[in-house]
Amino acid sequence: MQNYWMPFTANRSFKAAPRLITSAEGVHLIDPDGRRILDGSSGLFCVPAGHCRPEIAKAVSEQLRKLDYTSPFQFSHPGGFRLAEKIASLTPPGLDRIFFANSGSESVDTAMKMALAYHRANGQPSRQRFVSRELAYHGVNFGGLSCGGMVKNREGFGTLLPGVVHMRHTQSQKGTFTRGQADSGHDLADDLQRAIDLHGAESIAAVIVEPVVGSVGILVPPKGYLQRLRQIASQHGILLIFDEVITGFGRTGNRFAAQTFDVQPDLITMAKALTNGSMPMGAVAAGTHIYDTITSAAPENGIEFFHGYTYSAHPVATAAALATIEIFETDGLFEQAADLIGPFQEAVYSLQELPLVTDIRSFGLLAGIDLAPAERFGQRGFAALKKLFEAGLMVRVTNDTIILAPPFVMTPKQIEQMVSIVKDVVTRL
């Protein structure tokens, strides 16, 4: 217990009373005593097809026996090209140049580098600033951390990258219990114009946003907000990056949130559900114009983009991702997720009647349930996390917000069971 320094975990508390998982099956996790625990957060938003899919295990096993690794620098393997083609068939048209990383954090930093490289190749090297939002989460590497807006994630790590401007977040007034997108608030997108007016458009490389903010507690963009960001960015030659590490691969009812909101970004980051959580992998889908501009600016036979990872398009990870996408397509999981949204939303908003529930926000198969704070900020949320686990439900908790993100293979009856557990535990907190 003492040697493992756990991430984003109260280590001392955990090691005093561990919450261990030894196996999993479908929508359930199993602890050392054989107790089945409903997975209410799809792992960390990354197991929408259910746990331990034999198709993925078979693909990974076969790949390990055939080719375990090859350098991605100046060499490759067929799987990387097949996977890039499959991803490009799912992303919005024109976002069809796929660069592989190993996590959402790496995908964000890759997209930021692409934005800088694009403007440099385009003759505008002065475009070095990034605009992001308060309460955003863009991973934990220094680029994404600098763009992120969660105070606790940032405050212990110095001044971070210079030149990042933060817009206001889009959380509507608390206690409104808004379902989906709010009717008002799209004018918050004009914060991008304010940043342009202050710093000059010629200094800004990109604006990066999560279409639906996930980790801080599900903040949904007001109607027209993302469209207005796109309009302002296009008007001033600024790239728009959608961080879809959480929303990608069906979470909002479409393959990507860009399609749900009908907004075309220049870059999309992804990870999590790409391999159904089975192997670490991330990717960036870049617009053809970005790829062409960067590659055509380099000399013949020269490296065009000085960036990459030892494990970019790792053969085993690509096998897992290809098997995952095949499951999505053959099992109709994108459609299944869309069909589950209605029952999920109805069940979640039944929690509105509980005295401790102060607000609920939801979109697609994502919901944030705010609890009234106790003596200390986050105390009640942490108590809820532990009590829910004891009651047979694993969820994601941020401060005093319970986050639900069920696997797409949950049944409506299991959705009701999940929400019933939340209701019972919160009532007794």
Compute, for the chain, the length of the dipole vector about the Cα centre, with Cβ point charges of +1 (Lys, Arg) and -1 (Asp, Glu) only. Units Debye, rounded to 20. 920
Burial-style ranking of 137-148, 359-370, average other-beta-carbon count within 10 Å with highest first, yields 359-370, 137-148
What's the center-to-center distance, using Cα atoms, between segment 389-429 and segment 42-67 in Å? 25
Relative contact order of segment 153-247 (C-alpha contacts under 8 Å, at least 6 apart) in percent is 33
Using a Gaussian network model of the chain with C-alpha springs under 10 Å, which one of P72, P54, P280 is most mobile by mean-square fluctuation? P54
Of all C-alpha pairs within segment 145-288, those more than 28 angstrom apart amount in percent to 19
On average over all directions, what projected area in square nanometres does the chain have, based on the convex hull of its Cα atoms? 20.9
Given segment 1-106, what whole percent of its Cα pairs are spread farther than 24 Å? 49
Which residue, A319, A24, A285, has the most motion in a Gaussian network model of the chain that connects Cα atoms within less than 10 Å? A24
Suppose each label sits 7 Å from its Cα in the direction of the beta carbon; what would the D33-T70 distance come out to in nanometres? 5.0
What are the equivalent ellipsoid semi-axes of segment 252-304, built from the alpha-carbon gyration tensor (square roots of five times its eigenvalues), in whole angstrom, biggest first? 28, 18, 5
Label K174 and E390 with points 7 Å out from Cα along Cα→Cβ: what is the distance between them in nm? 2.6
Output ³J(HN,Hα) for segment 44-56: one whole-Hz value per residue in order, computed from phi by the Karplus curve 6.51 cos²θ - 1.76 cosθ + 1.60 with θ = phi - 60°, and x for Gly and Pro. 10, 6, 10, 10, x, 8, x, 7, 6, 5, x, 5, 6
What residues from segment 113-131 fall in the zone where the backbone N is under 18 Å from a label point 7 Å along the Cα-to-C-beta line of I303? 113-118, 121
Set Lys and Arg Cβ to +1 and Asp and Glu Cβ to -1, take the dipole of the chain about its Cα centre, and tell me which of G139, M394, N3 lies farthest positive. N3
Can you list the residues, at least 5 places off or on another chain, whose amide H is less than 5 Å from the amide H of F363, using H built in the peptide plane? none
With the contact rule set at Cα under 8 Å and sequence spacing of 6 or more, what percent relative contact order holds for the chain? 22
Give, rounded to the nearest 20 debye, the magnitude of the charge dipole that segment 115-205 has about its Cα centre when Lys and Arg contribute +1 at Cβ and Asp and Glu contribute -1 at Cβ. 280
Please list, in chain and number order, the residues 5+ apart from M167 or on another chain whose amide H is under 5 Å from its amide H, with Hs placed from the backbone. S132, R133, E134
Which residue fluctuates the most in the chain, going by a Gaussian network model with Cα springs under 10 Å, if the choices are T170, T293, T159? T159
What are the residues whose amide H is under 5 Å from the amide H of G26, where those residues sit 5 or more places off or on another chain and H is modelled from the backbone? H51
Excluding residues fewer than 8 positions from K15 in its own chain, the lysines with Cα under 17 Å of it are K386, K387
Projected onto the charge dipole of the chain (+1 at Lys/Arg Cβ, -1 at Asp/Glu Cβ, origin at the Cα centre), which of S89, V27, V263 gives the Cα projection farthest towards the positive end? V27
With DSSP loop assignment and no more than 15 other C-beta atoms within 10 Å, the trypsin sites (Lys or Arg not before Pro) in segment 369-429 are R376
For segment 94-189, what's the radius of gyration and Dmax over Cα atoms, in angstrom? 15.9, 48
Can you work out ³J(HN,Hα) from phi for every residue in segment 163-177, in order, using Karplus 6.51 cos²θ - 1.76 cosθ + 1.60 and θ = phi - 60°, giving whole Hz and x for Gly and Pro? x, 9, 10, 10, 7, 5, 6, 10, 5, 6, 3, 5, x, 8, 6
Show me, for segment 91-96, the HN-Hα J-couplings you get by feeding each phi into the Karplus relation (A = 6.51, B = -1.76, C = 1.60, θ = phi - 60°), rounded to Hz, glycine and proline as x. 6, x, x, x, 9, 10
Across every pair of different alpha-carbon atoms, what Kirkwood hydrodynamic radius in Å does segment 128-182 reach? 12.3
Segment 1-78: relative contact order as a whole-number percent, Cα under 8 Å and 6+ apart: 17
To the nearest Å, what is the center-to-center distance of segment 130-189 and segment 13-27, using C-alpha atoms only? 31
Of the options I303, F382, L340, report the single residue whose Cα projects farthest towards the positive end of the charge dipole of the chain (beta-carbon charges: Lys, Arg +1; Asp, Glu -1). F382
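Readers should treat all values here as calculations from the given coordinates under stated rules, not as data from a laboratory. This is a predicted model, so every value here is computed, not measured. Counting neighbours? That spans all protein chains shown, and the Cβs are built from the backbone with ideal geometry, glycine included.
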